[in-house]
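First the structure, in the form of structure tokens, and then the observations on it.
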């Protein structure tokens, strides 16, 4: 899955209707260009591709103040909303995604009801624990002072990744269960302070 697709659909959904520059500015203000492949070219490509696929609806509006062709504004369709939530849910629960996909999903976590977010994150913890068990089923870390060979280093990396991922996720669950953040259906606008001007 592409983090850029999730980021673009989510950013347009948050705005309601936005042109490419607004989406790009929002994503850059969230630092997405640093931790994902959401660069200007990929953002505009994802907007156009999502419109061709019926996930976004494109509207030509007045020419930009700098001149040139009309700007295109995008709004998410019902199909796009369904795709966005499917991507969001699978990215939170899955352990097979790249870190930028998980990062994008965590950025939009508050679009879900609090209880659902916790349930998905608990699924993630369970999957990480199962992954760790499968690794140590044929390799037990810490047997002796050094791994037997360099493949042992790979196994240590996997075990460490599973343990640290589960620990981080448990911490997030605890914060959410403790009342952190405003989630869907709780009132307020969780993205209001995160939108750029323009």
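Return only the number of the condition from (1) surrounded by fewer than 16 Cβ atoms within 10 Å (Cβ to Cβ); (2) free of Cβ contacts under 8 Å to residues at least 12 places away in the same chain; (3) touching a helix residue (DSSP H, G or I) at 6+ places or on another chain (Cβ under 9 Å) that residue 136 does not satisfy.
Exception for residue 136: condition (2).
Given the criteria at pLDDT below 95, over 26 Å from residue 14 (Cα atoms) and out of contact with any strand residue (DSSP E or B) (no Cβ under 9 Å at 6 or more places or on another chain), does residue 167 qualify? Before you say what the answer is, go through the steps one by one.
Details: at pLDDT below 95: no; over 26 Å from residue 14 (Cα atoms): yes; out of contact with any strand residue (DSSP E or B) (no Cβ under 9 Å at 6 or more places or on another chain): yes.
Considered against the rule, which asks whether it is at pLDDT below 95, over 26 Å from residue 14 (Cα atoms) and out of contact with any strand residue (DSSP E or B) (no Cβ under 9 Å at 6 or more places or on another chain), residue 167 comes out as no.
Residue by residue, here is whether (1) in a helix (DSSP H, G or I); (2) over 30 Å from residue 159 (Cβ atoms) holds:
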{"residue": "37", "(1), (2)": "no, no"}
{"residue": "49", "(1), (2)": "yes, yes"}
{"residue": "61", "(1), (2)": "no, yes"}
{"residue": "71", "(1), (2)": "no, yes"}
{"residue": "89", "(1), (2)": "yes, no"}
{"residue": "116", "(1), (2)": "yes, no"}
{"residue": "119", "(1), (2)": "yes, no"}
{"residue": "124", "(1), (2)": "yes, no"}
{"residue": "132", "(1), (2)": "yes, no"}
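Any residue in the stretch 177-195 that is within 25 Å of residue 23 (Cα to Cα) sitting within a Cβ distance under 9 Å of a residue that is at pLDDT below 90 and surrounded by fewer than 12 Cβ atoms within 10 Å (Cβ to Cβ)? List the pairs, counting only those 6 or more apart or interchain.
These pairs meet every condition: 182/188; 182/189.
Being surrounded by fewer than 23 Cβ atoms within 10 Å (Cβ to Cβ), in the same structural domain as residue 129 (by TED's automatic domain parsing) and within 22 Å of residue 166 (Cβ to Cβ) narrows it down to one of 106, 118, so name that one. Give the steps one after another, and end with the answer.
On the way: 106 fails: in the same structural domain as residue 129 (by TED's automatic domain parsing).
Step by step, each of 106, 118 is checked, and only 118 is surrounded by fewer than 23 Cβ atoms within 10 Å (Cβ to Cβ), in the same structural domain as residue 129 (by TED's automatic domain parsing) and within 22 Å of residue 166 (Cβ to Cβ).
The values are calculated or read from the model by the stated rules, or taken from the named source; none is laboratory data. This one's a predicted model, so the numbers in the text were calculated from it and none came from an experiment. Here Cβ is always computed from backbone atoms with ideal geometry, including for glycine, and neighbour counts include all displayed protein chains.
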